[in-house]
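Below is one structure, written out as structure tokens; comments come after it.
The values are calculated or read from the model by the stated rules, or taken from the named source; none is laboratory data. Here the structure is a predicted model, which means the values were calculated and not measured. Methodologically, a virtual Cβ is constructed for each residue, glycine included, from the backbone with ideal geometry; neighbour enumeration extends over all protein chains shown. These accessible areas exclude ligands, DNA and RNA; they are computed on the full protein's heavy atoms, side chains included. Shrake-Rupley method; radii C 1.70, N 1.55, O 1.52, S 1.80 Å.
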Amino acid sequence: MIDLTVAQIADIVGGTLADVSPEVAATTRVTGTVEFDSRAIGPGGLFVALPGARADGHDHAASAMAAGAVAVLAARPVGVPAIVVKPQAAVDDRASVLEHDADGSGAAVLAALAKLAKAVAAELAAGGLRIIGITGSSGKTSTKDLVAAVLRPLGEVVAPPGSFNNELGHPWTVLRATRDTDFLILEMSARHPGNIAALAGIATPSIGVVLNVGTAHLGEFGSREIIAQTKSELPQSVPSSGVVILNADDPLVAAMADVTAARVVRVSRNAGPKTDDVWAGPVSLDELARPQFTLHAGAEQAEVRLGVYGEHQVSNALCAAAVALECGASVEQIAAALAATGPVSRHRMQVSTRADGVTVIDDAYNANPESMRAGLQALAWIAHGEAHPRRSWAVLGEMAELGEDAITEHDRIGRLAVRLDVSRLVVVGTGRSMSAMHQGAVMEGSWGEEAVMVDDADGALALLRAELQPGDVVLVKASNSVGLGALADALTAEGARP
């Protein structure tokens, strides 16, 4: 974060000082990072006290100070130097990123954090910082990682770790930027209409990227049309001096050109230069489903061999290329950066081969119908793309937040696994959605033990340990709440069975 005094921060967020005099607050500077985890705080840091279901950050204020924090952002006095903001009206936990906020103290602290991030972002943007915002129903984190890779040769980059893309992770990421930062990359997620507009209001992007409109969180939004309207809040937030990059292969995204005042750059893997500014030539996949294609940008072109896995990554890479071109990179620089970049964020299409020849596709962090189909297609390609086909396993858990479409979408995934000739489908969980996935596979033609249901991740791991053979290919995928990440970690770490 930029260097600010405790008094300046209190003025920005509208807070009052507690357990520190105005004179000391005017000379005490926050020179470290802003953290909401007391274990992560370091010298010169600002600790953000937030309530949770199991712990309240206010109770850890003293330990944060002992670790080097100079002040605490809190909703009540905590016995150490603090900036105190007044609790707001209690919020509905279902609408909040916080696990627990019965008295509105968390909402107040989050609002103060947003104000601080907004002030810092505005000052840095005035000094030349380029802010890139990315949204979409799927692929945000993968694209964020690719954008960071293609921009690093051009300057200092700040990007969120993993999926810090909500009203807590977003301002936290903004406050990682300093006066030395050239590019700030932000993911923007939404649970309700208005969420993306609010995030863009904290740090207004000069470059906005919209990847796709899918069915993730369909249960929250009710329809793809409402999801599209919510995603369109990003291009609407980019000023006329900025650039909006749209995936023209998604009609709902392409239509967003009509709602932005910014210049529009379209990317496509299907069309040519007459309709799209950045596009891919014919796409092929290597033996591990890593895409290869010709990157076209106007009259320039370069051969690209991606270091990430799955054909769906082509659109993500094109969007990253379009961002880099806007920031001054050449197509040759972009091609080199894309080739050198493998999966960065954990449990997102990480492919590894064990000592016994078993290949594990770890995509356990998140799942929706679109990403589930992409994962299964990658599994099928890796297993069947060689001269000697390999056995394939799809270990799948629930796709959360699909609402009334949950049964239908899980049924479709079960049927797709059979159509792609997946050797074994392991359905993890016993709820209605997972029963629908299993039944879909059976109705599509799965027989015997080709499709099985297990109660949990432990049951799936036990089955795999007992029946995996050298050379098998395993996809592990589900929504993060299912907890298949630990299964993927255990499976990846194990070598050949005795």
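For the reader, a short list of remarks on this structure follows.
- When peptides 402-409, 62-69 are ranked by their average number of other Cβ atoms within 10 Å per residue, the highest-first order is 62-69, 402-409.
- By the Stokes-Einstein formula, at 0.890 mPa s and 25 °C, segment 219-364 with its Kirkwood radius over alpha-carbon pairs has D equal to 147 µm²/s.
- Folded to 0 to 90 degrees: helix 140-151 orientation relative to the chain principal axis, Cα: 70
- Cβ-defined net charge surrounding Arg305, 11 Å radius [Lys, Arg +1; Asp, Glu -1]: -1
- Each other residue within a Cβ distance under 13 Å of Ile334 adds +1 if Lys or Arg and -1 if Asp or Glu, for a net charge of -2.
- Normalised by 2.2 N^0.38 Å, with N the number of residues, the alpha-carbon radius of gyration of the chain equals 1.02.
- Among Ala10, Gly397, Gly375 the positive-end extreme of the charge dipole of the chain (Cβ point charges): Ala10
- Between the helical axis of 313-326 and the longest alpha-carbon principal axis of the chain there is an angle of about 40 degrees.
- For segment 128-340, the Cα-based Rg and Dmax, in that order, read 15.9, 44 Å.
- Carbon-plus-sulfur accessible fraction, the chain (probe radius 1.4 Å, protein heavy atoms only): 51%.
- Subset of Lys86/Lys477; Lys118/Lys477; Lys86/Lys118 violating a 31 Å alpha-carbon distance limit: Lys86/Lys477; Lys118/Lys477
- Computed from Cα positions, the angle between helix 432-444 and the longest principal axis of the chain comes to roughly 20 degrees.
- Cα gyration tensor, segment 3-67 - rounded (a/c under 1.5), prolate or oblate: prolate
- Estimated vicinal HN-Hα couplings, Hz - segment 352-366 in sequence order (Karplus 6.51, -1.76, 1.60; Gly, Pro = x): 9, 10, 6, 4, 8, x, 6, 9, 10, 9, 9, 10, 7, 6, 8
- Ordering of 156-164, 476-484 by packing is 476-484, 156-164, highest average first (other Cβ atoms within 10 Å, averaged per residue).
- Spin-label proximity, Ser423 to segment 362-404 - amide N less than 18 Å from point 7 Å beyond Cα toward beta carbon: 362, 376-396
- The residue list Ala466, Ile413, Val426 was ranked by how far each Cα lies along the charge dipole of segment 412-475 toward its positive end, using unit charges on Cβ atoms, and Ile413 comes out on top.
- Between Arg432 and Thr178, full extension at 0.36 nm per residue minus the direct alpha carbon distance yields a gain of 86.6 nm.
- Gained length - Ala493 relative to Glu404, 0.36 nm times residue gap less alpha-carbon distance: 28.3 nm
- Of interest is the spacing of the C-alpha centroids, which for segment 318-346 and segment 398-464 amounts to 36 Å.
- Cβ-Cβ FRET estimate between Thr27 and Ser240, R0 fixed at 56 Å, reported to 0.05: 0.85
- Fraction of antiparallel bridges per DSSP, segment 128-340 only, in percent to nearest 5: 35
- Protein-only accessible surface order, largest first, of Cys319, Cys327 at 1.4 Å: Cys327, Cys319
- Surface/4 of the Cα convex hull for segment 72-183, nm²: 8.5
- By accessible area with a 1.4 Å probe, ligands and nucleic acids excluded, highest first: order of Glu450, Glu287, Glu233: Glu287, Glu450, Glu233
- Rounded FRET efficiency, nearest 0.05, which uses the C-beta distance separating Arg39 from Glu444 and R0 of 60 Å: 0.80
- The residues of the chain have, on average, 39 Å² of accessible surface per residue, using a 1.4 Å probe with all protein chains present.
- Convex hull (Cα only) mean projected area of segment 350-494, reported in nm² to one decimal: 7.6
- Taken about its Cα centre, the chain carries a charge dipole of about 560 debye when Lys and Arg each add +1 at the Cβ and Asp and Glu each add -1 at the Cβ.
- Per the Cα gyration tensor, segment 1-115 maps to an equivalent ellipsoid with semi-axes of 22, 15, 12 Å, ordered largest to smallest.
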